[in-house]
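Worksheet: the structure to be examined is printed underneath.
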Amino acid sequence: MANPIALVTKLAKEGILDSESLKELIEARNEGLESFISVKARKVLSEKLGNKITIKGRISLTNRCKSDCFFCGIRKSNMNCDRYMLTKEQVEERVKLGYDNGIRRFELSSGETDDIADADICNIISSLKESYPDITIELSLGEKKYSSYLSYFRAGAKGYNLRFENSDAEGYSRLCPMGSIDNRRICIAYLKQVGFDMGTGFLVGAPFGSNDINAGNLLYVKETEPSCIDIAPFVPHPDTPLAKFKPGKADKTLFMIAMLRLICPTADIVANEALDVLLEKGRKKAVTYGANVVTVSLDSENACEVRSLYGKEIPYEEPEKTIASVRNKIVKLGFEAV
Ligand code: SAM
């Protein structure tokens, strides 16, 4: 086995390793290596993207979902999920709340659903852009037709985030029985063709994964050249078939965020809310491992994606409070919050 420090140095220099070496590096993780790779990742972040950390506000349009992914709290078979669907006015209200608190980058998300017509999605995007010309709108609405993606782009959305969860065909099907990794790959290719800043990512520590698959996930991220990367540890939701599985490791997710900073030096890398569910100050730590975008939920208490996704017992915090505390933490770490 190669010296892990030498592997990190090679990864920083060449931007990729072969699959076996990526796997070896993931498996060699220990405190010393975490500290070494986080210093490298922060150096690359500061050289490539400077000193700014972006706060991105997420708004969930609806938690309706026609899909049935075994890990996900909004899966259609979860009868304990309280479903909601925001009106256009409610979306505008949530954006205003974020805007008034200094947020300029927004992500509108939903489950896999046809319940909102493309024309309505386009209408929301274009009127938000009209009211707030200086905001960036990203979407995360799942798998759609090429023509739908194109219409959202033309309406003014700049980015689209679609995680592939698990790059291995069998592993993917065991998590998402109604879909296929092939279709995810096709959608990811569409997003790039349309001209979106494409975002993608995967689950860390979900059942049916392995470090071979993790190495494959990193290689697939490299291959797709995303503008944005969002990886998250698996959180076992009590109302899903995977409730009894162990959660993904937040520390391992942080380590892989640092690897991704070396693999895709100029991409935005997200510090996702799921990290905070599993680890105290998880999102803050992600910034010290090379993440440069911190997501904050702008949802109201009774239409809250974070609680639908990870479990109702997750405490709700008013977005104004979260934004202020995230901003404060970013500044304390020596960055500028934008
Ligand atoms: N189905 C759409 C898609 O794939 O983009 C959009 C909705 S899906 C709920 C959004 C993301 O939530 C997924 O990419 C998934 O990784 C994440 N997610 C859902 N349940 C999760 C869980 N139990 N633990 C960690 N992440 C989860």
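Read-outs: derived from the displayed coordinates by stated rules, not from any lab. Treat the numbers as computed from the prediction; the structure is a model and nothing was measured. Because the Cβ atoms are built from the backbone with ideal geometry, glycine has one as well, and the counts that use them run over all protein chains shown.
Some observations on this one:
- Maximal additional length on extending the residue 212-residue 119 stretch stands at 29.3 nm, based on 0.36 nm per residue less the C-alpha distance.
- Bridging of residue 10 to aspartates and glutamates at a Cα separation below 12 Å is possible for 18, once same-chain residues fewer than 8 apart are set aside.
- Centroid-to-centroid separation of segment 248-279 and segment 157-178 [C-alpha atoms, Å]: 17
- Counting only alpha carbon atoms, the long axis of helix 31-49 and the longest principal axis of the chain meet at about 60°.
- Trypsin sites (Lys or Arg not before Pro) within segment 277-338, DSSP loop, no more than 14 other Cβ atoms inside 10 Å: 281
- Relative contact order, whole percent, for the chain stands at 25, derived from Cα pairs under 8 Å and 6 or more residues apart.
- Judged by a Cβ-Cβ distance under 4.7 Å, the unpaired cysteines of the chain are 65, 81, 122, 187, 228, 264, 304.
- Expected 222 nm ellipticity per residue - DSSP helices of 4 or more, -39500 (n - 2.57), all of the chain, to 500: -14500 deg cm²/dmol
- For the chain, the longest site-free run once GluC sites (Glu not before Pro) in DSSP loop states with at most 10 other Cβ atoms within 10 Å are removed: 1-279
- Helix 118-131 vs. the chain, principal-axis angle (Cα, 0 to 90°, nearest 10): 90
- Segment 39-156 - Rg over Rh from alpha carbon coordinates, Kirkwood radius: 1.04
- As a size descriptor, the averaged projected area of the C-alpha convex hull of segment 209-319 was calculated at 7.4 nm².
- Point-to-point label distance, residue 20-residue 51, nm (Cα→Cβ direction, 7 Å offset): 4.5
- Over 19 Å (Cα to Cα) - which of 56/329; 129/158; 52/284; 40/329; 52/329; 66/144 fall in this group: 40/329
- Share of pairwise Cα separations in the chain, more than 38 Å, in percent: 9
- Fraction of the pair-distance distribution of segment 93-152 above 19 Å, Cα-Cα pairs, percent: 30
- Relative to the dominant Cα principal axis of the chain, helix 146-155 is inclined by about 70°.
- Our note on the geometry: Cα centres of segment 103-138 and segment 45-96, 12 Å apart.
- The DSSP beta bridges internal to the chain are antiparallel in roughly 5% of cases.
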